[in-house]
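Inspection log for the structure reproduced underneath, given as structure tokens.
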Amino acid sequence: MARRRAAPRRPRGVHSWISAAMVVFGLTMLAALAMQSFSSQRLIEHRFWADLLAAVSADHAARVAAGHGASLPHGGIVRSWYWTDRGTLPEPAYLADLPAGYYSTESGFFGAFQSIEDDRPVSFHARVLDLPHGRLITTVDIEALEDQQNRDSLLSVGWAVIFAVLIAAVIAWLHANLVQPVRDLAERMQAIDPSDTAARLPMTYAREEIQMIAQASNTHLERVAQFVARERSLLDQASHEFRTPIAVIAGAADVLGKMPLPEAARPVLGRIEHAVADLSETMVALLYLAREPDPESEPADVTALHELLPRLARDHEHLLRDTSAQLRVGALAPTFIAVPEAIVRIAVSNLLRNAIESTDAGYVEIALGEGTITVTDSGSGFDPVEAARRYRDSLRHAAPVRGQGLGLFLIGRICDRFGWRLAIESAGPAGTRARLDVGSSVIVP
């Protein structure tokens, strides 16, 4: 079982990469700010406060033992009270009823205590120490430190918002100044009519880089216009130069045909006439295909296929003169297509010649039905696989592949021009069948 090839991934644009980089940068900055805020919060809960309170409590306990309990500080950042049944209550008063130990509002034990002075929440670390005649209560007020930490957290949030706004602004600026102009430039490039050789891209873009791309594109368009002008001039001159000798040869052959000639010369004269006719048709087809399609200016040529195909069969009967094969016409459904007759003659004639060249005995049949021209032969020298490969090669190249002639190349270009489809397949053990689907050009009554 053949494995399906995965569809190629669409490359991401510069705007997408820059936007992704900016988002990653912003997320990194936000993570850094969050870690910084978390680290500052941990300072309030650090073991340092427990060690500090232990040292201060031991010093104040020594002062109480020495009879200097009245000199303990009741204000400031570090406060201490020697509490007995009477005396000044500690702040907060809740501490007087707690057993000995270490306490902190940051541990969630106290919740939100209220200050005695101004009835506002306070944050502190406390140590309660039992003494022989009372208890020593020491606190460290971390209110100012926690306020500073909260302000720093708010500042981090503010910087995070500023970074997010700046990143969004940079992405929006890139979209407005890079993506949109490039897309506009691409749309204008696609909108240029290939037949309008004077069309150019505007140079009014605000960014220098976009102007450089537009200028380079205009330079390329100018070179293409000059090349097309040279090709058209050469095509016009070649058309005139080729048509004149073809007309002279055709006229001379017509004159010779009216003169008394030996019977041996008649077949030679017939080959000359057919070669001139084929060359003339090929020239018409090449000139027609070389022009850019213009439905408005081109005449609406109509070809009756059911009438043309029998004439083409009669025109090619002489090619089977030296063989035992027969050229026959099958069923022909009435079909009209909006295509010049010369183009149809070129395509069908090439299919007939390919079939006749590979058939020495048997038959070559041409038929028409449901918008499809079918040429079938019973020959054995025509390889349909090789023919299909040659036809695909003719579609990939802008000129005939060397050594293969104009036949399949012209059919490929005609199919590409009118949206036709050609299929070459095996017909029985030895024959070949070519199907030319011209349904896209059929005129529906």
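Structure summary
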| item | result |
| --- | --- |
| Relative contact order of the range 295-380, pairs being alpha-carbon contacts under 8 Å that are 6 or more residues apart, as % | 33 percent |
| Charge dipole (debye, nearest 20) of the range 239-376; +1 at Cβ of Lys and Arg, -1 at Cβ of Asp and Glu | 480 debye |
| Highest average packing first - 177-185, 351-359, Cβ atoms within 10 Å | 351-359, 177-185 |
| Portion, in percent, of the accessible area of the range 215-283 that falls on carbon or sulfur, probe 1.4 Å | 64 percent |
| Rounded to whole Å, sorted largest first: equivalent-ellipsoid semi-axes of the range 137-197, Cα gyration tensor | 59, 5, 4 |
| Charge context of T139, other residues only, Cβ under 12 angstrom, K/R +1, D/E -1 | -1 |
| Cβ crowding within 10 Å averaged over residues, with 412-421, 341-350 ranked highest first | 341-350, 412-421 |
| Fully extended contour minus Cα-Cα distance, from L287 to I249, at 0.36 nm per residue | 11.7 nm |
| Net lengthening on full extension, L52/D196 (0.36 nm per residue, minus Cα-Cα) | 43.1 nm |
| Spin-label pair R266/F336, simplified geometry with 7 Å Cα→Cβ offset, distance in nm | 4.0 nm |
| Stokes-Einstein translational diffusion, the range 189-270 - Kirkwood Rh over all Cα pairs, 1.002 mPa s, 20 °C, in µm²/s | 123 µm²/s |
| FRET E, pair V23, R183, Förster distance 22 Å, beta-carbon r, rounded to 0.05 | 0.55 |
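The values are calculated or read from the model by the stated rules, or taken from the named source; none is laboratory data. Computed from a prediction, not measured in an experiment: that's the story for all the values here. When we count neighbours, we look across all protein chains shown, and the Cβ atoms used for this are built from the backbone with ideal geometry, even at glycine. Calculation scope for accessible area: heavy atoms of the full protein, side chains included, ligands and nucleic acids excluded. Shrake-Rupley method; radii C 1.70, N 1.55, O 1.52, S 1.80 Å.
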